[in-house]
Amino acid sequence: MRYCPVGFRYNFIFFRNFSMAAIKPSISVEYAGNATIMRFTDEKILEEKDIKALQESIMSVIEQAERINLILDFGNVRFLSSAVLGLLIRISKRIYERDGQLRLCSINPKIYEIFKITRLTKTFDIYNDIETASEDLSQPN
């Protein structure tokens with residue numbers, strides 16, 4: 001298991017064709033206590049290539065941990081495609097296969113409505129903010 005000091009951050013920015021043009025979306029990773037916090041830093045997650053890049057990055061972080069407590073922070077996200085919902089289900093499945101926990105937080109009210117309509121509010125643990133999601137992770141199961 002890898003240990004990182006509290007507040008240690010990784011920024012992932014993807015590059016295409018070595019042209020140094022950043023592919024969207026980018027994410028930041030922070031290790032705080034027993035949680036790994038991944039923040040989506042872009043407002044829109046719409047393109048298939050972006051979703052594939054997100055999947056590679058998130059799955060890479062999951063695979064590096066023996067058991068991960070992951071919080072996905074959607075605070076900056078205003079628009080996302082339905083393909084992101086499928087990605088979240090795949091992420092959730094992989095985390096639970098490894099006996100980890102997944103929390104979503106800071107979801108825009110319009111996006112939250114999509115979660116409600118698709119009944120994903122019953123599938124995912126969704127919190128108002130990172131602090132609340134982190135507190136829940138510190139509670140015994």
message = Every residue in segment 102-118 that is in contact with a Leu (Cβ under 8 Å, 6 or more places away or on another chain) and surrounded by 20 or more Cβ atoms within 10 Å (Cβ to Cβ), please.
response = 102, 103, 104, 105
task = At least 3 residues that are free of Cβ contacts under 8 Å to residues at least 60 places away in the same chain and within 16 Å of the chain's Cα centre (by Cα) in each: list the helices (runs of 4 or more DSSP H) lying fully within segment 78-141 that qualify.
result = 82-97, 109-117
message = Restricting to segment 64-84, name every residue that is charged (D, E, K, R) and at pLDDT below 95.
response = 66, 67
query = When you look at residue 67, is it closer than 19 Å to residue 31 by Cβ, assigned to a strand (DSSP E or B) and among the basic types (Lys, Arg), yes or no?
reply = no
query = Which ones in segment 20-39 are modelled with pLDDT under 95 and not small (Gly, Ala, Ser)?
reply = 20, 23, 24, 25, 27, 29, 30, 31, 34
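The values are calculated or read from the model by the stated rules, or taken from the named source; none is laboratory data. Everything quoted here is computed from the prediction, not taken from an experiment. Every residue, glycine among them, receives a Cβ derived from its backbone with ideal geometry; neighbour counts consider all protein chains shown.
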